[in-house]
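What follows is a single structure, written as structure tokens, with notes after it.
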Protein chains: 2
Amino acid sequence: MRRLRDIGERGLIEWITRRLDEGEGASLPPGDDAADLLFDGRLIASCDMFVESTDMPVGMRLRDAGFKAVTAATSDVAAKGGVPIAYLISLMLPSDMLFEDFQELWTGLEEAARLYGGRIIGGDLSSGREIIIDVICLGAADRTISRIGARPGDILAVTGEFGLHAAGLYALLSGRRGDPLSEKLIEYFSRPIARVKEGVELARIGAASSSIDSSDGLARSLHELSRLNDVGFIIDEPPVSREAEEYAEKYGLDLFDLVFYGGEEYELIVTIKPPLLDVAREAVEKAGGRLIIVGRASEDKVIKVRWRGEWRILEDKGYQHFVDINKKGGKGY
Amino acid sequence: MRRLRDIGERGLIEWITRRLDEGEGASLPPGDDAADLLFDGRLIASCDMFVESTDMPVGMRLRDAGFKAVTAATSDVAAKGGVPIAYLISLMLPSDMLFEDFQELWTGLEEAARLYGGRIIGGDLSSGREIIIDVICLGAADRTISRIGARPGDILAVTGEFGLHAAGLYALLSGRRGDPLSEKLIEYFSRPIARVKEGVELARIGAASSSIDSSDGLARSLHELSRLNDVGFIIDEPPVSREAEEYAEKYGLDLFDLVFYGGEEYELIVTIKPPLLDVAREAVEKAGGRLIIVGRASEDKVIKVRWRGEWRILEDKGYQHFVDINKKGGKGY
């Protein structure tokens with residue numbers, strides 16, 4: 001059972017260096033002070049810090065933590081219409097961490113990077129009291145979609161159902177394992193997928209007037225779009241995950257909360273210019289995704305939701321760093 | 001006395017967003033999920049994680065911590081011949097941090113970014129148990145200098161004197177303040193400068209066969225170059241800071257240790273192809289820097305140092321993460 005302190009910084013860097021990729025047209029070898037690549041066009045960059053004590057619920061596997069950290073940074077690039085090309089990974093790790101556990105973590109990082117098509121080309125390594133994974137995603141975009149641009153009348157759409165990840169977090173924290181439903185939810189929670197293809201298609205055809213990812217929770221992200229664009233939203237029966245519904249019924253959870261205030265879901269929330277709706281839907285479907293219409297932007301700056309036939313006003317709730325504790329969302333700026 | 005928990009994540013992001021720059025030709029507004037810029041050529045990227053508990057000695061001001069964090073990431077880009085163009089800043093901050101202190105920290109980040117000519121265009125924000133500053137530096141380079149390429153006979157040169165920062169750290173930790181020498185050393189320690197112009201010039205003229213920065217300590221960096229290039233070095237009386245010498249005499253410190261095993265100095269250590277030495281020296285001087293010859297690369301894989309007339313073998317010592325504790329170096333990969 002070797003720990004990182006037995007391997008040492010150098011041994012660890014050597015191990016990592018052997019697994020690093022080179023950027024396109026790189027002149028520097030893996031493991032040099034910095035990484036390089038040839039690039040021509042619009043570069044899009046994001047970073048997302050995954051912190052063990054706030055982002056890693058008890059019971060979450062390190063491999064999944066690595067996967068999720070890469071997904072979070074990727075999702076910010078995807079929401080703007082970018083395709084990941086390269087990642088840098090800044091790690092802080094405790095010296096008593098098992099080398100085996102570290103390898104699991106790195107495998108998760110690689111799995112996600114490979115899925116999204118970006119190469120891990122460099123990073124940094126520090127020792128510290130807990131695990132911190134800062135993933136830097138560098139991507140390319142021909143066109144981008146800002147958070148700003150939504151107008152009253154635009155169609156509000158999302159790329160998937162909601163509630164799954166919040167239910168998965170509950171399932172994980174409850175410690176109830178073994179039944180197929182819980183396992184499925186935990187799997188979803190542990191392996192969220194960033195909507196890269198969907199974001200690229202929406203940006204390419206210029207159909208979206210604004211876009212944001214739902215990593216801070218559907219409610220928080222909608223309120224952010226509302227605030228930035230000076231619009232409200234009318235939402236008619238948002239798409240709810242069947243598994244989340246089943247789980248909520250089984251354990252008496254509030255499904256509305258799971259759907260709107262959960263977070264850690266990496267769907268895209270976009271507003272679509274009405275004349276381009278069909279084009280947008282087709283493009284996203286062609287890319288293997290879904291574009292689900294959930295409502296429209298309104299002049300009235302309130303967010304109204306029809307939920308099981310009944311209209312509600314959506315509160316601006318969700319995790320806020322520094323104010324709330326324990327669970328977090330993680331917002332780039 | 002407002003603390004971050006009183007401002008909240010949103011308030012803080014709003015404050016930061018107002019101070020963010022846009023990248024060249026950006027299409028996304030500051031504060032969006034990701035940042036973008038137009039780029040054409042060789043992109044060079046590094047990140048460096050500054051951790052309060054290991055990198056911030058008691059007595060260090062937050063403004064200096066910010067400055068130093070940016071310098072560390074910049075130095076990795078500089079050592080490869082890159083010019084910073086943009087920074088992302090990933091922060092983890094404790095919720096009981098004073099807003100005033102946060103502002104100091106941010107001011108230090110901005111001061112350094114401005115000095116090096118890069119814009120702070122985005123980042124990420126988390127709450128946590130201590131301060132963590134992950135600085136991502138994106139730069140441009142026409143030509144780069146790898147760590148690999150040194151050959152026996154190449155001239156070994158550095159861009160400054162050594163011992164200053166190690167002495168400054170001692171001065172800071174000793175708590176002896178007030179005398180001009182201590183204050184000067186602490187100032188140097190707190191505000192190290194990355195050798196951007198020197199790195200760019202050396203890369204541009206193609207005179208350097210290898211390059212590394214000395215952030216892990218002169219001895220560690222020399223051993224790294226030795227190991228990677230299968231060469232040794234013969235070093236003849238390395239340049240020592242006069243202030244470090246004075247301080248070492250005054251307080252009975254081992255000057256050799258300060259010079260070789262200190263770390264946190266951001267000088268460049270380069271090997272120069274002999275026929276290009278004069279060209280290299282002139283180019284660096286024209287850029288306002290200095291290129292100090294300290295010896296040459298040898299076939300014999302040992303590092304020998306003439307120190308005050310006496311020859312010594314340089315040990316491979318220096319801070320190593322996970323193995324050593326307290327003070328660190330911080331090495332990118």
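Could you please let me know if residue A:141 is touching a Lys or Arg at 6+ places or on another chain (Cβ under 9 Å), within 14 Å of chain B (Cβ to nearest Cβ) and under 30 Å from residue B:80 (Cβ atoms)?
So residue A:141 passes the test.
Given A:76, A:40, A:55, which one is within 26 Å of residue B:72 (Cβ to Cβ), at pLDDT 95 or above and not assigned by TED's automatic domain parsing to the domain that holds residue A:267? It is A:76.
Report yes if residue A:80 is within 8 Å of chain B (Cβ to nearest Cβ), of a type in the set (Lys, Arg) and closer than 27 Å to residue A:147 by Cα, otherwise no.
Spelling it out, residue A:80 is indeed within 8 Å of chain B (Cβ to nearest Cβ), of a type in the set (Lys, Arg) and closer than 27 Å to residue A:147 by Cα.
When restricted to residues that are closer than 23 Å to residue A:48 by Cβ and without any contact (Cβ under 8 Å) to a residue 60 or more places away in the chain, region A:255-272 contains 0. Filtering region B:117-148 to residues that are over 30 Å from residue A:216 (Cα atoms) and over 22 Å from the mean Cα position of the chain (by Cα) leaves nothing.
In the set (1) under 30 Å from residue B:253 (Cβ atoms); (2) touching a Gly at 6+ places or on another chain (Cβ under 7 Å); (3) not assigned by TED's automatic domain parsing to the domain that holds residue B:245, the condition left unmet by residue B:131 is number (2).
One line per residue, one yes/no per condition, for (1) closer than 30 Å to residue B:203 by Cα; (2) among the polar types (S, T, N, Q); (3) buried (at least 20 other Cβ atoms within 10 Å of the Cβ):
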{"residue": "A:76", "(1), (2), (3)": "no, no, yes"}
{"residue": "A:94", "(1), (2), (3)": "no, no, no"}
{"residue": "A:114", "(1), (2), (3)": "no, no, no"}
{"residue": "A:133", "(1), (2), (3)": "no, no, yes"}
{"residue": "A:144", "(1), (2), (3)": "no, yes, yes"}
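Just one residue in the set B:98, B:28 is under 22 Å from residue B:126 (Cβ atoms) and surrounded by fewer than 22 Cβ atoms within 10 Å (Cβ to Cβ); that residue is B:98. Across region B:144-154, the number of residues qualifying as facing chain A (nearest Cβ under 9 Å) and either aliphatic (A, V, I, L, M) or closer than 11 Å to residue B:83 by Cα (or both) comes to 3. When the test is whether a residue is outside any loop (DSSP other than H, G, I, E, B), of a type in the set (Ser, Thr, Tyr), in contact with a Ser or Thr (Cβ under 9 Å, 6 or more places away or on another chain) and closer than 21 Å to residue A:165 by Cα, residue A:247 passes it. Among the residues of region A:309-333, the ones that are basic (Lys, Arg) and modelled with pLDDT of 95 or more come to 1 in all. Considering only residues in region B:83-115 that are facing another protein chain (nearest Cβ under 9 Å) and small (Gly, Ala, Ser), the one that is farthest from the chain's Cα centre (by Cα) turns out to be B:95. Would region A:32-46 turn up any residue that is more than 7 Å from every other protein chain (Cβ to nearest Cβ), among the acidic types (Asp, Glu) and over 18 Å from the mean Cα position of the chain (by Cα)? Checked region A:32-46: no residue is more than 7 Å from every other protein chain (Cβ to nearest Cβ), among the acidic types (Asp, Glu) and over 18 Å from the mean Cα position of the chain (by Cα). Looking at this structure, is residue B:222 within 22 Å of the chain's Cα centre (by Cα), at negative phi and not acidic (Asp, Glu)? Answer is yes for this residue. Can you find even one residue in region B:55-74 that is in contact (Cβ under 8 Å) with a residue 40 or more places away in the chain, of a type outside the set (D, E, K, R) and at the interface with another protein chain (Cβ under 7 Å from one of its Cβ atoms)? Looking for residues that are in contact (Cβ under 8 Å) with a residue 40 or more places away in the chain, of a type outside the set (D, E, K, R) and at the interface with another protein chain (Cβ under 7 Å from one of its Cβ atoms), one finds none in region B:55-74, hence no. Close Cβ contacts (under 7 Å, 6 or more residues apart or on different chains) running from residues in region A:281-305 that are in a helix (DSSP H, G or I) to residues that are not aliphatic (A, V, I, L, M) comprise A:283/A:201; A:284/A:198; A:284/A:201; A:284/A:290.
Residues that are among the aromatic types (Phe, Trp, Tyr) and surrounded by 21 or more Cβ atoms within 10 Å (Cβ to Cβ) were ranked within region A:242-271; the one that is nearest to residue A:222 (Cα to Cα) is A:260. Among the conditions (1) touching a Pro at 6+ places or on another chain (Cβ under 6 Å); (2) surrounded by fewer than 24 Cβ atoms within 10 Å (Cβ to Cβ), the only one that residue A:137 does not satisfy is (2). Kindly indicate the residue of region A:31-57 that is touching a helix residue (DSSP H, G or I) at 6+ places or on another chain (Cβ under 7 Å) and over 17 Å from residue A:91 (Cα atoms) and also surrounded by the most Cβ atoms within 10 Å (Cβ to Cβ) among those meeting that condition. Result: A:44.
The values are calculated or read from the model by the stated rules, or taken from the named source; none is laboratory data. Computed from a prediction, not measured in an experiment: that's the story for all the values here. Cβ coordinates were reconstructed from backbone atoms using ideal geometry, including for glycine residues, and neighbour counts include every protein chain displayed.
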